[in-house]
Amino acid sequence: MQRSGAGRKPGVTYSQRKLCFVATDRTLLAETLLELSKRSDCYAVKYSVQPKNGMYLGRCFMLEDNLVGEMWQRFKRHPRLMCTIQDDDFTAQFRSRTSGESAT
């Protein structure tokens with residue numbers, strides 16, 4: 001599922017660092033992402049409708065890097081959501097090294 005955020009406008013750029021969420025409760029994840037999408041500084045949100053080993057994955061794209069950090073700080077201690085920051089600029093160099101390998 002995917003939804004544009006209130007901050008998504010033609011020509012507007014967004015942060016390449018994104019908030020990544022993991023939850024076992026799809027409803028909680030969907031409601032959290034819906035609320036984030038209503039923010040004027042949110043570009044877009046999305047989440048998987050099919051769980052992976054019982055976990056639902058979600059993403060939130062904010063307009064600025066510092067907003068990503070502020071939202072991470074807000075959610076990092078949430079009792080039912082796990083929240084991390086994905087930085088594609090950093091991780092891109094490692095992707096080719098791990099293609100075909102599985103995590104343990």
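Coordinate-derived values only; no laboratory data. Everything quoted here is computed from the prediction, not taken from an experiment. Please note: Cβ atoms are built from the backbone with ideal geometry, for glycine as well, and neighbour counts cover all protein chains shown.
A few comments on the model shown:
So that you can scan it fast, the table gives a plain yes or no per residue for (1) over 17 Å from Leu81 (Cβ atoms); (2) in contact with a helix residue (DSSP H, G or I) (Cβ under 6 Å, 6 or more places away or on another chain):
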{"site": "Gly5", "(1), (2)": "yes, yes"}
{"site": "Lys9", "(1), (2)": "yes, no"}
{"site": "Val12", "(1), (2)": "yes, no"}
{"site": "Arg17", "(1), (2)": "yes, yes"}
{"site": "Cys20", "(1), (2)": "no, no"}
{"site": "Arg26", "(1), (2)": "no, no"}
{"site": "Glu35", "(1), (2)": "no, no"}
{"site": "Lys38", "(1), (2)": "yes, no"}
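- Qualifying residue in the range 47-57 (condition: under 16 Å from Gly5 (Cβ atoms) and surrounded by 13 or more Cβ atoms within 10 Å (Cβ to Cβ)): yes
- Here the range 58-85 is the region considered, the condition is being over 9 Å from the mean Cα position of the chain (by Cα) and among the polar types (S, T, N, Q), and the residue that is surrounded by the fewest Cβ atoms within 10 Å (Cβ to Cβ) is Gln73.
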